[in-house]
Amino acid sequence: MLKLVTFRSVLLASILTTLVSISGSTPSHVATKASQTISADESTSPAANSTFFIIRSDMRKCASPMCGGYFVKRVNQPTTRCANGRNMVECYVADIDWNGAAEVDAKQALVRGSLVTRGDRNGKYGTLKVTETWEALTSDKPLGDYYRVKDLGIRCIAAPCETHSEVKVNTSIDEKIAGVGLASKDGNTDALNQALKAMTGPEGVIVVGTNATVTGPAGSKQTLKATQFYRRKA
């Protein structure tokens, strides 16, 4: 009888020890997951990779550098953080520092870079410091969202087939799509061929357009209908 009571006491102590161990380890495990989630969100947030801008010339008539520069705007985002720290629909910069990158006409340009403040004792002003330049391959007006598109090299027997990837620039949205509908209003077949070739390269092509659903024997998929496309300027 004494042996049975002793065995039960040891068993009960063992169970209590296990429960205390589990209870103590759970909060640590939950905290680790929460910390990892926050870190991932910060690294993929739009603010962390918002670097692509469209630009337009400032045609106002006043003294430089207050006028005569450029207005710049982040693509795919409602506002742009200007060099003075304010969030605006678009930001004025007095000049563009091409920083050794190939220069592109403002009407045809998509640039990657950052907005910085420069100036002297006469005043400070914003400057767009460029790291990459991309040039539109047609004269068509870009309508829609901006995507970096790459050909995955996949070909299927049945359509639609997810043959390309699209990454919405200045965001973390990444999808596979069933091809890209490239077209040019001016019939520039050379530009279309350049775009198709560039899609197979490591940098792909920046395509402006809208997604649409296509159906076929393989079901329903999303495709991208392009209105303009940009190739990296060497």
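Laboratory data are not the source of any read-out in this text; all were calculated from the coordinates shown. In this text, all values refer to a predicted model and were calculated from it rather than measured experimentally. Neighbour counts run over all protein chains shown; Cβ positions are idealised from the backbone, glycine included.
When the chain is fully extended, how far beyond the present Cα-Cα distance does I173 get from K185, taking 0.36 nm per residue of separation?
Between I173 and K185, full extension yields an extra 1.4 nm.
What whole-number distance in Å separates the alpha-carbon centres of region 200-234 and region 155-194?
2
Among the listed pairs K61/K107; K73/K221; K124/K150, which have their C-alpha atoms separated by more than 29 angstrom in this model?
Flagged as over cut-off: K73/K221; K124/K150.
Listing F53, F229, F71 from the residue with the fewest other Cβ atoms within 10 Å to the one with the most, what is the order?
In increasing order of surrounding Cβ atoms, one gets F71, F53, F229.
How would you classify region 141-203 from its alpha-carbon gyration tensor, with a ≥ b ≥ c the square roots of the eigenvalues: rounded for a/c under 1.5, else prolate if a/b is greater than b/c, otherwise oblate?
Cα axes put region 141-203 in the oblate bin.
Which distance in nm do the two modelled labels at N87 and A158 give, with both placed 7 Å along the Cα-to-Cβ direction?
4.6
What nm distance separates the two modelled labels at E103 and N211, each placed 7 Å from Cα along Cα→Cβ?
Calculated label separation equals 3.9 nm.
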